[in-house]
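What follows is a set of notes on a single structure, which appears directly below.
Bear in mind these aren't lab numbers, they're just calculated from the coordinates by the rules spelled out. These figures come from a predicted structure and were not determined experimentally. Cβ: placed from backbone, ideal geometry, glycine included. Neighbour counts: every protein chain shown.
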Amino acid sequence: MKVAATVLFSALTCFCVVTGSMAQQTACVVADPTGTPLNIRDAPESPRIIGTLRNGTVITVERTENYRGRWWAEIKNLGWVYGNYLNCATVTMGGGRDGPIRIDPMFRTGESSAVSETKWLECAVIEEAPQQAPDTFKISIEITTGEGGNGRFANFVTDMGVVHLGRSGTYNRADQYVNTYLLSDSDNSYLWSGSPRGNLSRVMEGRLKVVAPNKVGGRWLYTEELLERNNRSVVYYKMSSECNVTWKQEYGDYDAQGNGIIRPVVPSK
């Protein structure tokens, strides 16, 4: 899981750790200048590649090591990547001055006849329970809507991604939940559902809706509830947050080179 600060793109020195020592977990953004996915290895300088990460992915670095003069970063639950290809500073989950942070979607409906637009929202948590030293404090959401046929209204969600940034790490709902799908959608209101990995007896439901549509970009409310599947009165976790659109890409809006333009959104007061 996202948020009102700015992404400050910096070198790996922002980690500020001693070689080989454990560091406080740091949220970082993949920024491989080669334009290819960043390789994940099972150890620093290892020839074995066990996965890749695309640019813009938000990850959590648990520690760094200087191995033969090159910095390497250990990614939580994944492996090791070349540290100079990460931007690590105060991360705004909704994106910073150079553009939004891309988020892996939890689902793709595949129902749109044409993509309409993509929005990036940054959210500030206003309530979280249980409140035992609340961990989550920022949320980022990437949502793409489509113009669809089949009797559906003009704009509906085709995919959505949600990331939580917490004091103990960064959590992508796409990685944490399985069988995620869209329960319902209507104009400016979207409800998704999924099961925690390893515990299918529970279900997470998230809802995103506009509460102030007349503001620039709208003011949104995002909520999540973790429930017992067979007894919805049992609530294990509940969170609500207020969100603003920070970036927007309208399809059909191109620059002189034919590239889609992602524009910042400045909310009205």
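Here are the numbers for the structure shown:
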| item | result |
| --- | --- |
| Residues whose placed amide H lies under 5 Å from that of V265, excluding near-sequence neighbours | W247, K248 |
| Using θ = phi - 60° and Karplus 6.51 cos²θ - 1.76 cosθ + 1.60, couplings along segment 192-200 (whole Hz; Gly, Pro as x) | 10, 9, x, 10, x, 4, x, 8, 6 |
| Label point distance in nm, R54-F137, each placed 7 Å from Cα along Cα→Cβ | 3.0 nm |
| Amide H contacts under 5 Å for Y67, placed H, 5+ residues apart | W72 |
| Restraint check, K76/K119; K119/K209; K119/K215; K76/K248; K138/K248; K138/K238, Cα-Cα greater than 22 Å | K76/K119; K76/K248 |
| Under Karplus coefficients 6.51, -1.76 and 1.60, residue-wise ³J(HN,Hα) of segment 216-225 in Hz, glycine/proline x | 4, x, x, 9, 10, 10, 10, 10, 9, 9 |
| Derived scalar couplings ³J(HN,Hα) [segment 239-256; Karplus, 6.51 cos²θ - 1.76 cosθ + 1.60; whole Hz; x for Gly, Pro] | 8, 9, 8, 9, 10, 10, 6, 9, 9, 8, 10, 9, 6, x, 9, 10, 8, 5 |
